[in-house]
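Have a look at the structure that comes next, please.
Only the coordinates and a few stated rules stand behind these numbers; no lab work does. Here the structure is a predicted model, which means the values were calculated and not measured. We place every Cβ from the backbone using ideal geometry, glycine too, and count neighbours over all the protein chains shown.
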Amino acid sequence: MLASAERQLDSFFDYLRYERRNSPRTISAYQQDLKRLTRYCDNQGITNWSGVDNLLGRKWLGSMHQYGLSGSSIQRVLSACRSFYRWLIREEFAASNPFELLKAPRRPRKLPNTLDIDTVQQLVALKGDEPLTVRDRAIMELFYSSGLRLSELVSLDLPDVDLSAGEARVTGKGNKTRIVPVGRYARAAIQQWLSIRPQLAKESEQALFVSKRGGRLARRSVEKRLKEWAIRQGINRNVHPHMLRHSFASHMLESSGDLRAVQELLGHQNISTTQIYTHLDFQHLAKVFDKAHPRAKRKKTE
């Protein structure tokens with residue numbers, strides 16, 4: 001075993017416990033992660049902590065990745081090792097930190113869930129003229145028409161929407177304001193809602209969308225209503241407001257190919273955030289290719 005490893009680890013955990021005042025849960029995680037390091041060093045014949053260099057650290061990361069640890073788990077292990085070696089350097093048990101510049105493998109970016117155009121049309125085709133149905137139809141049309149975040153939609157006030165100009169003033173992340181277009185279907189649905197909104201809204205309420213009690217509609221209520229409508233419309237998906245925003249972005253990019261315009265419409269600060277939708281578009285094209293290209297089709301077995 002590493003020389004004095006157990007004693008030094010115990011001292012480090014005391015440091016976390018009494019000086020850093022880390023939680024028992026954090027200390028337990030560090031203990032588990034540093035046990036991994038100790039076992040690996042023992043298997044490599046390392047006799048003291050100074051014998052761990054950058055190359056060995058890279059090999060260890062690679063072995064954890066091959067073993068199946070996720071990028072987030074490896075990142076957590078790395079964090080524990082960096083902290084431990086900073087303490088070793090402070091206590092003069094090591095001269096350098098072999099983990100300081102190492103990075104965990106990137107986690108694959110999860111592609112957002114979207115609805116195809118036919119499913120969106122199925123979702124928004126609500127039947128009935130009851131006030132809440134009219135309101136919910138306007139909400140869904142606006143989500144899909146303008147790619148709004150849930151927080152942006154429920155924050156809209158009456159003066160923020162100009163139906164004659166076909167636009168809405170939206171306050172997004174970082175309190176930044178942008179102007180988004182409102183399509184004709186959304187304008188018609190909002191106009192119908194505005195004609196019956198006084199039946200529900202309190203006299204002084206400025207929110208565009210209100211609850212049956214007359215106050216501003218809550219985010220949780222929108223999420224709940226959207227799920228209920230998806231079930232009633234026969235859609236076997238876990239539909240949520242952000243799915244309509246994702247669908248808007250994907251369909252816009254698929255039709256226009258203009259990444260910068262979609263970035264501006266969504267209110268993304270960095271275009272790298274918007275680029276996730278190019279992967280969705282590529283997946284769509286790949287499926288078309290697989291179905292249509294002569295050399296992509298599998299031969300039928302006789």
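Each label point is 7 Å from the Cα along the Cα-to-Cβ direction; what then is the distance between the points at residue 122 and residue 50, in nm?
Simple spin-label model gives 6.9 nm for this pair.
Could you please report the charge total around residue 155, scoring K, R as +1 and D, E as -1 over all other residues with beta-carbon less than 10 angstrom from its beta-carbon?
Value of the local net charge: 0.
Below 15 Å, Cα to Cα, which aspartates and glutamates can residue 127 reach? Residues fewer than 8 away in the same chain don't count.
Reachable aspartates and glutamates: 136, 141, 228.
Under the 0.36 nm per residue contour assumption, what length would be gained going from the current alpha-carbon distance of residue 176 and residue 27 to full extension?
Working: separation 149, 0.36 × 149 = 53.64 nm, distance 4.01 nm.
Computed gain between residue 176 and residue 27 is 49.6 nm.
For the range 181-191, take each phi angle, set θ = phi - 60°, evaluate the Karplus expression 6.51 cos²θ - 1.76 cosθ + 1.60, and give the result in whole Hz per residue in order, putting x for glycine and proline.
Calculated HN-Hα couplings, in order: x, 10, x, 5, 5, 5, 4, 5, 5, 5, 4 Hz.
Give me the orientation-averaged projected area of the Cα convex hull of the range 90-247, in nm², one decimal. Mind showing how you got there, number by number?
Details: hull surface 58.5 nm².
One quarter of the hull surface, i.e. the mean projection, equals 14.6 nm².
Quick one: compute the contact order of the range 172-248, relative version, from alpha carbon pairs under 8 angstrom and 6+ residues apart, as a percent. Let's see the in-between values first.
Numbers: 41 pairs, mean separation 10.8, N = 77.
Relative contact order of the range 172-248: 14 percent.
Rounded to two decimals, what is the ratio between the C-alpha radius of gyration of the range 1-159 and 2.2 N^0.38 Å? Could you put the intermediate results ahead of the total?
Details: Rg = 26.1 Å, N = 159, 2.2 N^0.38 = 15.1 Å.
Rg over 2.2 N^0.38 Å, computed on Cα atoms: 1.73.
Rounded, prolate or oblate, given the Cα gyration tensor of the range 5-90, with a/c below 1.5 counting as rounded?
oblate
Give the Rg (one decimal place) followed by the Dmax (whole number) of the range 146-239, computed from C-alpha coordinates and expressed in Å.
13.9, 40
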